[in-house]
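K.L.:
What follows is a single structure, and I will ask about it in a moment.
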Amino acid sequence: MAKNDLDNLPQTVRTEAERQLDLLRRGAVEIYTEDELLAKLADSIHESRPLRVKLGMDPTAPDIHVGHTVVMGKMRQFQDLGHKAVLIIGDYTARIGDPSGQDHTRPVLSEEQIKENARTYFDQAGKVLDTSPDRLEVRFNSEWLEKLTFADVLKLAARMTVARMMERDTFEIRYKAGDPIGVHEFLYPLMQGHDSVAIRADVELGGTDQTFNCLAGRDMMRGAGQEPQIVLTMPLLVGLDGTEKMSKSKANTVGVTDLPKDMFGKLMSLPDALMENYFTLLTDMPAPEIQELLQTSHPRDAKEQLAKAIVTRYYGKEAAEKEAVEFRRVFSENEQPADIPEVHLSPSMLHIDTGTGRYGVASCMTASDLTQTNSEAMRLIRQGAVWLDDEQITDPKAMIDPESASGSILRVGKRKWAKLYFKDESDQR
């Protein structure tokens with residue numbers, strides 16, 4: 001529908017289209033273009049035809065974190081307004097790897113890795129999206145991409161110039177730095193754009209790092225004689241460190257499959273400056289209520305409300321209330337958690353002083369999964385973040401007697417605890 005045709009529609013249709021557009025603007029960075037989206041919404045309402053709203057996800061890693069759910073939450077909003085979500089699992093595009101935001105060529109994943117990663121995507125996406133068949137369509141882009149002949153690929157490539165590709169900041173930076181750019185990387189946005197053609201998308205969603213790819217989809221659709229999709233981009237969520245984009249490689253994530261306790265504790269460690277951003281992008285709280293909460297509440301109380309809202313989304317209100325009570329009990333009243341995990345350590349897992357038979361505290365920390373490596377454990381000991389029962393450990397080479405320390409509680413910081421038990425290699429408990 002052309003924009004100037006809106007005036008010919010009933011006022012009730014125009015009003016509802018404007019209401020939906022106002023809701024969909026929340027948190028969005030750019031909409032290409034708002035006028036086109038308003039016209040599509042009006043047409044959808046008038047014709048009782050839900051929009052097809054596309055989101056592509058390459059299974060390059062097996063887990064989804066809440067940073068991924070920013071754009072998924074926008075897709076859920078479209079669903080709640082009556083539109084159809086089309087989730088594209090990029091099992092074929094993952095063989096190239098999205099060059100967005102990359103300062104080097106991605107390693108090529110094996111077909112087995114891609115299948116294993118894709119296996120968990122639907123279950124995790126279902127924590128955010130409405131998975132009922134009338135609201136969600138799941139497609140794998142190998143369905144159409146692996147059928148393309150070389151001649152078909154050449155036709156796609158003819159729709160994009162090298163100059164246009166080099167407008168992409170990632171490629172420009174790498175080219176000026178003399179870093180290699182694989183020709184196959186130029187094909188990625190063409191493939192993503194062809195996904196839009198294949199499913200006849202009305203709207204494509206993506207993070208701001210996907211802007212180039214999504215806009216390429218508009219070009220590909222025009223070239224195929226289709227009405228170009230609307231592109232709506234969402235911001236990238238800053239991770240728990242307060243500086244970098246949320247990424248598993250940065251160890252600053254909150255995973256959608258994290259246990260409620262871990263999810264709640266991580267969110268309570270969030271820098272105060274990020275709370276408005278997290279409330280806006282990860283909850284449904286209206287903007288005026290967010291402003292009032294942040295202006296009138298203590299940061300800790302506001303952060304608790306944020307953590308409860310997010311844990312509720314994935315585990316329910318009862319679990320969120322339980323973790324809030326437990327967090328206050330442990331951190332406000334300086335008590336131990338009610339459910340400290342027990343770990344049973346054997347000599348083969350630890351650094352042993354052969355002269356005394358004592359075990360290194362650092363190796364106990366790593367074997368108990370309190371740290372990733374012994375070097376990390378030693379660094380935390382130097383920082384004064386490690387306690388054995390009521391004694392602060394300050395020597396990174398500290399040793400403990402397994403007989404007297406059995407049953408002791410090892411604590412790292414305020415959130416990681418373990419009750420230690422030691423056993424012989426022959427002990428099969």
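K.L.:
Output the number of residues of region 380-389 satisfying the condition of being over 28 Å from the mean Cα position of the chain (by Cα), open to solvent by 10 Å² or more (accessible area, probe 1.4 Å) and in contact (Cβ under 8 Å) with a residue 12 or more places away in the chain.
P.N.:
Summing the residues that are over 28 Å from the mean Cα position of the chain (by Cα), open to solvent by 10 Å² or more (accessible area, probe 1.4 Å) and in contact (Cβ under 8 Å) with a residue 12 or more places away in the chain in region 380-389 gives 5.
K.L.:
If Gln295 passes every condition in (1) among the polar types (S, T, N, Q); (2) modelled with pLDDT of 85 or more; (3) closer than 23 Å to Gly413 by Cβ but one, which one does it miss?
P.N.:
(3)
K.L.:
Output the number of residues of region 358-379 satisfying the condition of being closer than 17 Å to Lys423 by Cα and free of Cβ contacts under 8 Å to residues at least 12 places away in the same chain.
P.N.:
1
K.L.:
Just checking, how many residues over region 140-163 are among the hydroxyl-bearing types (Ser, Thr, Tyr) and either open to solvent by 80 Å² or more (accessible area, probe 1.4 Å) or more than 15 Å from Thr93 (Cα to Cα) (or both)?
P.N.:
2
K.L.:
So, in region 24-80, exactly how many residues are part of a helix (DSSP H, G or I), among the hydrophobic types (A, V, I, L, M, F, W, C) and over 22 Å from Ala198 (Cα atoms)?
P.N.:
Of the residues in that region, 6 qualify.
K.L.:
Can you tell me how many residues within region 196-205 are open to solvent by 10 Å² or more (accessible area, probe 1.4 Å) and either at pLDDT below 80 or among the acidic types (Asp, Glu) (or both)?
P.N.:
Number of matching residues: 1.
K.L.:
Still on this model: Filter region 371-413 for residues that are at pLDDT 85 or above, hydroxyl-bearing (Ser, Thr, Tyr) and closer than 22 Å to Thr356 by Cβ and give the result.
P.N.:
Correct list: Thr394 only.
K.L.:
Turning to a different aspect of this structure: Only residues that are part of a loop (DSSP other than H, G, I, E, B) and hydroxyl-bearing (Ser, Thr, Tyr): list them for region 402-421, please.
P.N.:
Ser406, Ser408
K.L.:
Also, I was wondering about something else. Name the single residue that is least open to solvent (accessible area, probe 1.4 Å) among those in region 10-38 being in contact (Cβ under 8 Å) with a residue 40 or more places away in the chain and of a type in the set (Val, Ile, Thr).
P.N.:
Ranking the candidates gives Ile31 first.
K.L.:
Checking the structure you have, find out if any residue of region 161-169 is within 28 Å of Val29 (Cβ to Cβ), touching a residue at least 40 places away in the same chain (Cβ under 8 Å) and either in contact with a Ser or Thr (Cβ under 6 Å, 6 or more places away or on another chain) or aliphatic (A, V, I, L, M) (or both).
P.N.:
No, region 161-169 contains no residue that is within 28 Å of Val29 (Cβ to Cβ), touching a residue at least 40 places away in the same chain (Cβ under 8 Å) and either in contact with a Ser or Thr (Cβ under 6 Å, 6 or more places away or on another chain) or aliphatic (A, V, I, L, M) (or both).
K.L.:
Something else now. For region 224-237: of the residues being part of a loop (DSSP other than H, G, I, E, B) and aliphatic (A, V, I, L, M), which is nearest to Glu30 (Cα to Cα)?
P.N.:
Filtering first and then ranking leaves Leu236.
K.L.:
Please enumerate the residues belonging to region 238-260 that are crowded, with 18+ Cβ neighbours inside 10 Å and either part of a helix (DSSP H, G or I) or without any contact (Cβ under 8 Å) to a residue 24 or more places away in the chain (or both).
P.N.:
The answer is Asn252, Asp258, Pro260.
K.L.:
Also, I was wondering about something else. Would a scan of region 184-198 turn up a residue that is part of a helix (DSSP H, G or I), of a type in the set (A, V, I, L, M) and in contact with a strand residue (DSSP E or B) (Cβ under 7 Å, 6 or more places away or on another chain)?
P.N.:
No, there is no match, as no residue in region 184-198 is part of a helix (DSSP H, G or I), of a type in the set (A, V, I, L, M) and in contact with a strand residue (DSSP E or B) (Cβ under 7 Å, 6 or more places away or on another chain).
The values are calculated or read from the model by the stated rules, or taken from the named source; none is laboratory data. Worth saying up front: this structure is predicted, and the values here are computed from it rather than measured. Cβ coordinates were reconstructed from backbone atoms using ideal geometry, including for glycine residues, and neighbour counts include every protein chain displayed. Surface areas here come from the heavy atoms of the whole protein model, side chains and all, with no ligands, DNA or RNA. Shrake-Rupley method; radii C 1.70, N 1.55, O 1.52, S 1.80 Å.
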